[in-house]
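Written below as structure tokens is the structure these notes are about.
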Amino acid sequence: MNDLRVLITGGAGFIGSHLSDAYLERGDEVFIIDDLSTGSIDNITHLKSHARFHYTIDSVHNQPAVAELIDQCDVIFHLAAAVGVKLIVESPVHTIETNVRGTEVVLAQANKKKKKVLVASTSEVYGLSTEVPFKEDGNLVMGATTKGRWSYACSKAIDEFLALAYWREKKLPTVVVRLFNTVGPRQTGQYGMVIPTFVKQALAGRPITVYGTGEQTRCFGYVGDVVGALVKLMDKDDSVGQVFNIGSDEEVSIMELAERVKSLTGSSSEIVTMPYDEAYEEGFEDMPRRVPDISKVGAAVGFRPTMKLDGILESVIEYYRSR
Ligand code: UDP
């Protein structure tokens, strides 16, 4: 039995619920706060009767609630955020306010007790950079402010600046992680994520919708691998004040992804392409390639992704088949 008390904001989300599982399996005590905006009670139903699991359904904007939870815990993972390209394009005000204010509250409260905070950021911050593979100290290339998509990258970049500033200026121990397309069971396609969307389309025999030409690439990190790295970075004292890319470096085009999903599900779905303007909004900009350099987190905590893309897809297909 371990006795670390861990607070996870966004703990009913896809990644937060897997992180809760990992700490409870280790014997630690887990507290979560989630407003169920993009998270879901289904993600934590299996944990509700666990003696060492405690959940609060509330927003991270509720300062007294956050302060009380921070008081009770030793370390904090700040995962609560507005995520998903579709959600961001449709609700930019909600995205900016959730991401910036939420982080302000969590860092300010954690600072009062000097409790270590890991802030989840995103590969989206590399924006239009073409310096592939992306390294943590590389430039972030923001798109125009008239394109709603970039509000997510900017809001997360502000979160990063703030977390690093708290370390530099106030010696609050903070760590920033940039997650690259984390995927696996429990992820919903509702907010635009491609793998659950393709899997559900394939299983239902509906057309698989590839946006743009399908030549754009991504690297998909398995949630189990990602969570393992998060736990290790939290355990390690010299991770503070630093930024780490986390994900897989197995690059795949979205067209190839659609073909693999179709073949692994044995689906007769047609693969169709759809212009970005139609899929998101007029003038939408995508990144042609997004590949992380993961050598830093590898050197820090021995991280290497263990799950290949086909294994990841099989786990997601099995999850949606069993539902
Ligand atoms: N995408 C797609 N069809 C979909 C959803 C997404 O072709 O139904 C594409 C999307 O345009 C992007 C990639 O898949 O190029 C990954 O999208 P996702 O929203 O999962 O994550 P992103 O990397 O864009 O944050």
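Observations
- For the range 101-163, the fraction of C-alpha pairs farther apart than 19 angstrom is 39 percent.
- Cα long-axis angle, helix 223-235 against the chain (0 to 90 degrees, to the nearest 10): 20 degrees
- Rg/Rg_globular for the chain, with Rg_globular taken as 2.2 N^0.38 Å and Rg from C-alpha atoms: 0.95
- Calculated P(r) of the range 208-323 - Cα pairs past 16 Å, %: 68 percent
- Considering only beta bridges that DSSP places wholly inside the chain, some 10 percent are antiparallel.
- Three principal axis extents describe the C-alpha atoms of the range 201-273; from largest down they are 51, 23, 15 Å.
- Placing pseudo-labels 7 Å out from each Cα toward the beta carbon at A204 and K48 gives an inter-label distance of 2.6 nm.
- Computed across the range 83-234, the Kirkwood hydrodynamic radius from all distinct Cα-Cα pairs reaches 17.1 Å.
- Rg/Rh (Cα only; Kirkwood hydrodynamic radius) as it applies to the range 1-159: 1.00
- Check: the chain dipole with +1 on Lys, Arg Cβ and -1 on Asp, Glu Cβ, in debye: 580 debye
- Helix 14-26 axis, angle to the chain major axis (alpha carbon atoms, nearest 10°): 50 degrees
- Cα centroid separation - the range 112-167 against the range 266-301, whole Å: 18 Å
- Difference of contour (0.36 nm per residue) and Cα-Cα distance, T146 to D310: 55.3 nm
- Spatial separation of Cα centroids for the range 1-48 and the range 175-207, in angstrom: 20 Å
- With R₀ fixed at 25 Å, the C-beta to C-beta distance from F161 to K113 puts the FRET efficiency at about 0.70.
- From its DSSP helices (H runs of at least four residues, each -39,500 (n - 2.57)), the chain gives a residue-normalised ellipticity at 222 nm of -12500 deg cm²/dmol.
- Distance between the pseudo-spin-label points of K236 and Q63 (7 Å out from Cα toward the beta carbon): 3.5 nm.
- Computed over the chain: relative contact order in percent, which uses C-alpha pairs under 8 Å that are six or more apart: 17 percent
- Loop-located trypsin sites (Lys or Arg not before Pro) in the range 140-173 (DSSP state other than H, G, I, E, B) with a sparse environment of at most 13 neighbouring Cβ atoms within 10 Å: K171.
- Cβ-derived FRET efficiency at R0 25 Å, E25 paired with K171, nearest 0.05: 0.20
- Rg to Rh, two decimals, where the range 12-58 supplies the alpha carbon set and Rh follows Kirkwood: 0.92
Read-outs throughout are calculated quantities, based only on the coordinates presented, and are distinct from any laboratory measurement. All values reported here derive from a predicted model rather than from experimental measurement. Glycine also receives a Cβ, built like all others from the backbone with ideal geometry; neighbour counts cover every protein chain displayed.
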